[in-house]
Every structure is written in structure tokens, then in C-alpha cells.
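The structure under discussion appears below in the form of C-alpha cells.
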Amino acid sequence: MEPCETGEPGYIVTQGANVMNGYVGQGNASREVFRKGWYTGLRDIGFALRGRDGFLDYYWMTRDSALLIRGGANYSYEQVAADLSRVLIEDFNMKPEQFKLAVVGICSETEHEDNCCVTIELTGEAASMQSTLEEQFIARASRRVSKGSRPDYVRFAKIPVSFKGAVLFPKLKREFGEALNTKGNNK
């Protein structure tokens, strides 16, 4: 954890006697969200500005979540990606090593529900599949997967990952948002 400057967006964390000191019976979950007494599991992003009184006023911006919100239900990015990866494997006869697929939710049409935004990264040997996937992936996937996993947009690009190989969802979401603002989206 690194502190943010005034006005700089960052994760909201909290500490104090009024904050739970762990999840009872869930040691692994507790270790993931507590750092040196600070509760880091809120996943909210905000910033602070000095008010006229000299005190900091905190402003909420967004929530860093790996959940796709559709029809009032939450769907895990990983589960949706697994459902859509099966479509590539079963409908397009692709091998798992020929692609990476990641999903993020972006509210582009309504503020109440996320659009399922799919990024597919093809390996060199699978690059010839791109035009077929551009034409057919959304339609085929929409017939095969649950409502929560139906793709709205698909793009073909490199998926940003950490040095451990984990998808960097905030960066992917930002890149996809930029792509939605330009041409070349399939819906």
C-alpha cells in the first residue's frame, strides 16, 4: 500500500476498533483483505480534497470489482470467461493454448446494468481465426451461454496481465472503454 496525494484516486482502506478484525473461520480470506491492521477489502476507489475547514473530504468514484452486474445479479468475471472459453473450444474447435479470453463489465448503455465486454487474445497460429470469430462469436455464444454470460462486445487485443499472469481488470476495463469510444466494436 502506498498513500495517495490529495486529489489522486486510490483505494479506500480503513482501520480502527469499529472494523472487523478478521473473518471468523476464514483465515485465507482474512489474510487477503487485512494488511498491517488495515482493512483493504472494500474495493472502493475514491479521492480526498481539503475542505474550507482544512479537513479532508472524501469522494467515492467507483468500485473495483471482478463482477459483472446484469439483471440485478452478480456474475464472476472468471466464470463468464470460462463459459465463453468453452464456446471457442467447442464451437470453433480451438485449443486452450491458442487463445486467452478475459471479460469486464462496463456500463455503456445504461447505468443500471453492465455490458459484457470480451477481449480475446489469439496466438500466432490462431490469428487466422479472427475474421471468423468477429463474424460469429457473439451470435454463437449468445445461443449457448446463460443470460449472465452473453457477450455484448468483443475485441481482439493483448490482455494486460501481472507478472504472475493475473488479468489486470482495471487496466483491461480502461482499455476496453477507450475501444468502445472508437470504431471497430462488434455487437
Once fully extended, how much extra length lies between THR40 and SER128, figured as 0.36 nm per residue of separation less the alpha-carbon to alpha-carbon distance?
27.3 nm
Sorted by chain and then number, the residues having a modelled amide H within less than 5 Å of the amide H of LEU68, at least 5 places away or on another chain, are TYR75, SER76, TYR77
Going by how many other beta carbons lie within 10 Å of each one, how would you line up TYR59, TYR153, TYR75, fewest first?
TYR59, TYR153, TYR75
Using 0.36 nm per residue, how much length does the chain from ARG143 to ASP91 gain when fully extended, once their Cα-Cα distance is taken away?
17.6 nm
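Once you have the Cα-Cα distance between TRP60 and PHE163, take 0.36 nm times their residue separation minus that, and quote the gain in nm to one decimal. Don't skip to the answer; put the middle values down first.
Details: separation 103, 0.36 × 103 = 37.08 nm, distance 2.92 nm.
Length gained, TRP60 through PHE163: 34.2 nm.
None of the figures in this text is laboratory data; all of them are computed from the coordinates on show. For clarity, every value in this text was computed on a predicted model and none was experimentally measured. Every residue, glycine among them, receives a Cβ derived from its backbone with ideal geometry; neighbour counts consider all protein chains shown.
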